[in-house]
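Below is one structure; the comments refer to it alone.
The values are calculated or read from the model by the stated rules, or taken from the named source; none is laboratory data. Worth saying up front: this structure is predicted, and the values here are computed from it rather than measured. Using ideal geometry, Cβ is built from the backbone for each residue, glycine included, and neighbour counts are taken over all protein chains shown. With ligands, DNA and RNA removed, areas are computed over all heavy atoms of the protein, side chains included. Shrake-Rupley method; radii C 1.70, N 1.55, O 1.52, S 1.80 Å.
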Amino acid sequence: MTKVPFQAFDQHHPPAPELINQCVHCGFCLPACPTYVLWGNEMDSPRGRIYLMKMASEGATAMTDKWVRHMDTCLGCMSCMTACPSGVDYAKLIEATRAQIERRHPRSTAERFQRWMIFNTFPRVDRLRLLRPLFRAYQKSGLQALVRASGLLKLLPKQLSAMEELMPKLGVSDRIAPVTPAQGQQRKRVGLLLGCVQREFMPEINAATVRVLAAEGCEVIAPPDQPCCGALMVHAGEETPALDLARRVIDVFEQAQVDVIITNAGGCGSNVRDYGYQLRDDPQYAERAAVFSAKCKDISEFLVELGPRTERKPLNMRVAYHDSCHLQHAQRVRTQPRVLLSAIPGVEMQDLPEAALCCGSAGIYNLVQPETADALADRKARHITGVRPDVVATGNIGCMLQIAAALERQGQKTRVAHTIQIVDASINGWPVPQK
Ligand code: SF4
Ligand code: SF4
């Protein structure tokens, strides 16, 4: 047997050669790839990254720092999957590659510390709940305004200041009831995935989701003991803890006995729809995970299928819809949010240029690769400013925070809201809230 010169991958789910070999190197994906658009470098394109995976898979390269850097700069936005005529499943390739990197590549102390901080805070709902009053006091006391005005943030490493810049304005905590009855005759019994950061830092999105579902005749079950779904971890290669969270989420929702599981964050939605694949080797969970995944639907997709029963009151405003990558590319949910929004009397929809291009949020990308993330967000904000909407709507908390921070950097006051908050405002005759 010929010995390969390098053994970059171990035997636990390396990027599958049959998926790698589906790429015919046509390059159709290149203009859709944000990092290729920014830098024009082949190795920072989908085709280049797949080629690097192929080299590693065939033993032609080791997992060098440079090789890892090209994988780290990938946003995991899956825009290349939409663009690819050959149906290359890049999502499976990059997820397998990232898990290999985290097992086999020694990261620097600074990187390890930052990742430790992120993964010990964001997916931990209990810890976020403890931090919330501290952050709220920081904002309410005027300290945040002082810190921002002082220029102190510029002295911090960008990886730290990015966290501060992205922090949403924290209001009063909106706890979601474990059971919310349907209004009028019940049409469905649905479960709601509450998320982690969203549950504690922007609970108003879940509150709006519950109100709309109940108004449309759904009983909403929101199990309070559900953990984070593991999206941030799985997309960053932290496979073992992500799968532990997936198992717990499945356990909790099996007990809830619901017809459908509603997600309202693009990244979480694409992750839970993939549990069946992620847990394919687990004899106890494989089948249950597939059943769970098949029940998951984005809120916009679900509401369009259900059909409206409640009257929409007019909202006279121009709305630019920003597609979250994990909603449009990974879940293929593009038309439904537009259908929901354009059904509101008085709403005028506006198209954004480069709608398929990521805003730079991408899970933890805006924290670990903040310069690239900012470049993409600033580009997105310039496109938004160009069409002058009253509100930017989107279906993912990460995009909301990322776009709002970029608009603020550019001195723009355009409101940013979740799609469901706009529908909720229309049903209740309220103004659309600000991020
Ligand atoms: S996932 Fe996004 S950033 Fe990564 S290669 Fe594909 S298009 Fe480029
Ligand atoms: S479009 Fe698909 S087949 Fe063509 S280079 Fe990109 S990934 Fe490969």
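Ligands, DNA and RNA left out, the 1.4 Å accessible surface of the range 167-316 is 52% carbon and sulfur atoms. Here the range 40-174 yields Rg over Rh of 1.08, to two decimals, using C-alpha coordinates and the Kirkwood radius.
Taking a quarter of the surface of the Cα convex hull of the range 309-354 gives a mean projected area of 3.7 nm². The Rg/Rh ratio for the range 380-432 is 0.99, where Rg is the radius of gyration of the alpha carbons and Rh is the Kirkwood radius. Taking Gln412, Gln144, Gln255 as the candidate residues, the one with maximal mean-square fluctuation in a Gaussian network model of the chain, Cα springs under 10 Å, is Gln255.
Solvent-accessible surface of the range 264-312, averaged per residue with a 1.4 angstrom probe and all protein chains in place: 43 square angstrom.
Under the criterion of Cα pairs below 8 Å and six or more residues apart, the relative contact order for the range 189-281 equals 39 percent.
How much of the accessible area of the range 351-427, probe 1.4 Å, is carbon plus sulfur, in whole percent? With neighbouring chains kept in place, the figure for the range 351-427 is 47 percent. For the range 20-73, the share of alpha carbon pairs falling in successive 10 Å distance bins from zero is 26, 54, 20 percent. Size descriptor for the range 1-118, Kirkwood hydrodynamic radius: 14.8 Å (Cα pairs only, one decimal). Using only Cα coordinates, the Kirkwood hydrodynamic radius of the range 222-324 works out to 15.1 Å. Within the chain, antiparallel bridges make up roughly 10 percent of the DSSP beta bridges whose residues both belong there.
Kindly flag which residue pairs out of Lys92/Lys295; Lys92/Lys154; Lys169/Lys380; Lys92/Lys188 have an alpha-carbon separation exceeding 28 Å in this structure.
Lys92/Lys154; Lys92/Lys188
Considered as an equivalent ellipsoid built on the Cα gyration tensor, the range 258-302 has semi-axes of 20, 11, 5 Å, the largest given first. With each label modelled as a point 7 angstrom along the Cα→C-beta vector, the Gln7-Leu134 pair spans 4.4 nm. Protein heavy-atom accessible surface, 1.4 Å probe, per residue over the range 18-125: 44 Å². Along its first, second and third principal axes, ordered by size, the range 94-238 spans 57, 44, 22 Å in Cα coordinates. Here the range 110-160 is treated as a sphere whose radius is the Kirkwood value from Cα pairs; by Stokes-Einstein at 25 °C and 0.890 mPa s it diffuses with a coefficient of 194 µm²/s. Compute the distance from the alpha-carbon center of the range 383-435 to that of the range 349-365, in whole Å. Comparing the Cα centres of the range 383-435 and the range 349-365, I get a distance of 13 Å.
With the alpha-carbon atoms of the chain aligned to their principal axes, the span from lowest to highest coordinate is 70, 53, 42 Å, starting with the largest.
Please report the equivalent ellipsoid semi-axes of the range 83-128, computed as sqrt(5 x eigenvalue) of the Cα gyration tensor, largest first, in whole Å.
With the √(5λ) rule applied to the range 83-128, the semi-axes are 29, 17, 8 Å.
Once you divide the Cα radius of gyration of the range 59-118 by 2.2 N^0.38 Å, the number left is 1.29. The Rg/Rh ratio for the range 291-435, using Cα coordinates for both the radius of gyration and the Kirkwood hydrodynamic radius, is 0.97. Secondary-structure-derived ellipticity at 222 nm for the chain, considering helices only, amounts to -14000 deg cm²/dmol, per-run term -39500 (n - 2.57) for DSSP H runs with n ≥ 4. Per-residue extension of 0.36 nm, minus the Cα-Cα distance of Val24 and Met117, leaves a gain of 29.5 nm for this segment.
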